[in-house]
Structure formats: C-alpha cells, structure tokens
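Chemist: Dumping the structure here so I can ask a few things about it.
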Amino acid sequence: MRKRSHYRNYTLVAIMFVVVAFQACKLPDKKQGAAASSDLMDKIFSTPTVDTFQIGDVDGDGKMDKAFLKRPITEGFVDPDEGNAECPGGCNVEISFSTDIPVIKHETSIGGFLMDAGDLNEDGKSELLYVPDWITSCWGGLFLYTYDGQKWSNPGSVGIYYCDEQDYLKRIRKIDRNSFILIGQEWNDDQTALIDIPTTFHFQKEAL
Ligand SMILES: [Ca+2]
Ligand SMILES: [Ca+2]
C-alpha cells in the first residue's frame, strides 16, 4: 500500500546519519554550527518557508483569495518511517491570507495542504480544508475551517492515512447548510486494509 520506497528511505536515513555524525564531530557547539552560513545542517533541515495556495472566496467579497502557510523551522529530518525532528519555535503553522482577515494558527503541524472546500454553510464565504504534515507517520487529519466574518473556527476534523490519499476533497460531503460529513479512515480489525469512517459535524451558530 505504501508508495514510498523503503529502500530509498533507508538510504536517505543512512546519508542523514553520516551528515549528522560528521557535523556533530566538526561542530560540537550547536549554536556555532547554526551560525555558519556553510552549515549543511541549516541548508537541509531548517525550512522557515511559506507555501502559497489558491483558495476560494473566504471573506465573501466576490474575489478569490490566496492563503500563505508559514512552516516552522525544523531541525532533524521528516519521514513517514524514520522521522526525527524538533521545532525550536514550536511545531505550529500560521496561515495568513491575501485579504485582511485573521490568521489561523494550527498546532502540531510542520506544513501541509490547503484547499477550497466550497461554501458548505451557504453564507457566501468558502470554507477551507487543511491537511497537515507531521514529522513521522502517515496518519494525519482533515481539518475543516470556517470563517464567520470575525473569526475562524474548526467545526470538524477526522483522521486519515494521508500518504496514500490523492483526492482529499472527496472526503467532504455536504448534507445541508448546517451539517456536513468528513470521511476519515481506520485500519480494519487485522490491520490489512484501510476502511472509511464517515462522521457528521454541524456548523455552530456562534464561533468556537
Ligand atoms: Ca475574497
Ligand atoms: Ca461558508
């Protein structure tokens, strides 16, 4: 089921181990190492990057908006099998927008994907679907965010095995303007196959 090559992962881990061991011997002082512009550790492992996503009209002004997802700085390496990293400033992301609305701070995430979920509650503003990445494990989540004109809230989330998923949006089903389904995943009893687990959620009148 796993599409990634274990052989490739082990090779990568071996290379990373050699690099880390070399750097540890060469630069026992971690702060000294971080300050060196030629420090390979920094180039490989620190990624304070911002990813841009085209999303729907989240503020309801009739124009499509963009979201900017700021990843945390990580030290270590990220891999579904062998990931071992730390976030000096916290493993959280900040999602800001091309329009003047509040940011979303999503905890326990080092990056991910943002998608337009459509206007599920029919208030003229599109909802957002967020699929966060994590340091290790293919188990992640789907998080639906909605903006009421003043603040964001998260009326629903489920767990999924995100490494194998191709189309996250098919895991959202609108029931009516007040409720929707997110289709999560779990292993079957003998852990040989993933099964879909639909869960119904409701939009709240007041923000969470
Ligand atoms: Ca807009
Ligand atoms: Ca909406």
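Chemist: Filtering the range 115-127 down to residues that are within 19 Å of the chain's Cα centre (by Cα) and not small (Gly, Ala, Ser), which residue is farthest from ligand 2 (Cβ to nearest atom)?
Modeler: Met115
Chemist: Here is a follow-up. Which members of the range 98-114 meet the condition of being within 16 Å of ligand 2 (Cβ to nearest atom) and crowded, with 20+ Cβ neighbours inside 10 Å?
Modeler: Result: Ile104, Leu114.
Chemist: Same structure, new question: Here are Leu182, Leu169: which of them is touching a residue at least 40 places away in the same chain (Cβ under 8 Å), under 24 Å from Lys105 (Cα atoms) and loosely packed, with under 12 Cβ neighbours inside 10 Å?
Modeler: From the options Leu182, Leu169, the qualifying one is Leu169.
Chemist: If we only count strands (runs of 3 or more DSSP E) wholly inside the range 99-186, which ones have 2 or more residues that are under 24 Å from Pro72 (Cβ atoms)?
Modeler: The qualifying strands (runs of 3 or more DSSP E) are 104-107, 112-118, 127-132, 139-147, 152-161.
Chemist: Taking the condition within 16 Å of ligand 1 (Cβ to nearest atom) and among the aliphatic types (A, V, I, L, M), does Leu142 pass?
Modeler: no
Chemist: To continue, here is another question. Would the range 92-104 turn up any residue that is more than 22 Å from Gln185 (Cα to Cα) and among the aromatic types (Phe, Trp, Tyr)?
Modeler: Yes: one or more hits.
Chemist: With respect to the numbered conditions (1) on the phi > 0 side of the Ramachandran plot; (2) at pLDDT 95 or above, which one is the sole condition not fulfilled by Val158?
Modeler: Status for Val158: all satisfied but (1).
Chemist: Could you tell me which residue of the range 48-91 is modelled with the lowest pLDDT, considering only residues that are of a type outside the set (D, E, K, R), away from ligand 1 (no atom under 16 Å from the Cβ) and surrounded by fewer than 16 Cβ atoms within 10 Å (Cβ to Cβ)?
Modeler: Step by step, filter the range 48-91, then rank; the result is Pro48.
Chemist: Further question on the same structure: Under 6 Å between Cβ atoms, at least 6 apart or on separate chains: pull out the pairs that start in the range 56-78 with a residue that is farther than 13 Å from Ser98 by Cβ and end on any residue that is within 14 Å of ligand 1 (Cβ to nearest atom).
Modeler: Here the result reads Gly60/Gly124; Gly60/Lys125, each pair linking the range 56-78 to a residue that is within 14 Å of ligand 1 (Cβ to nearest atom).
Chemist: Assuming Trp187 fulfils every condition listed in (1) touching a residue at least 12 places away in the same chain (Cβ under 8 Å); (2) in contact with a Leu (Cβ under 8 Å, 6 or more places away or on another chain) apart from one, which condition is it?
Modeler: Against the list (1) touching a residue at least 12 places away in the same chain (Cβ under 8 Å); (2) in contact with a Leu (Cβ under 8 Å, 6 or more places away or on another chain), Trp187 comes up short only on (1).
Chemist: OK, next. Going by the structure shown, is Glu122 assigned by TED's automatic domain parsing to the domain that holds Pro80, under 23 Å from Thr52 (Cβ atoms) and among the charged types (D, E, K, R)?
Modeler: It is false that Glu122 is assigned by TED's automatic domain parsing to the domain that holds Pro80, under 23 Å from Thr52 (Cβ atoms) and among the charged types (D, E, K, R).
The values are calculated or read from the model by the stated rules, or taken from the named source; none is laboratory data. The structure displayed is predicted, hence computed values, not measured ones. Here the Cβ is made from the backbone with ideal geometry for all residues, glycine too, and neighbour counts use every protein chain on show.
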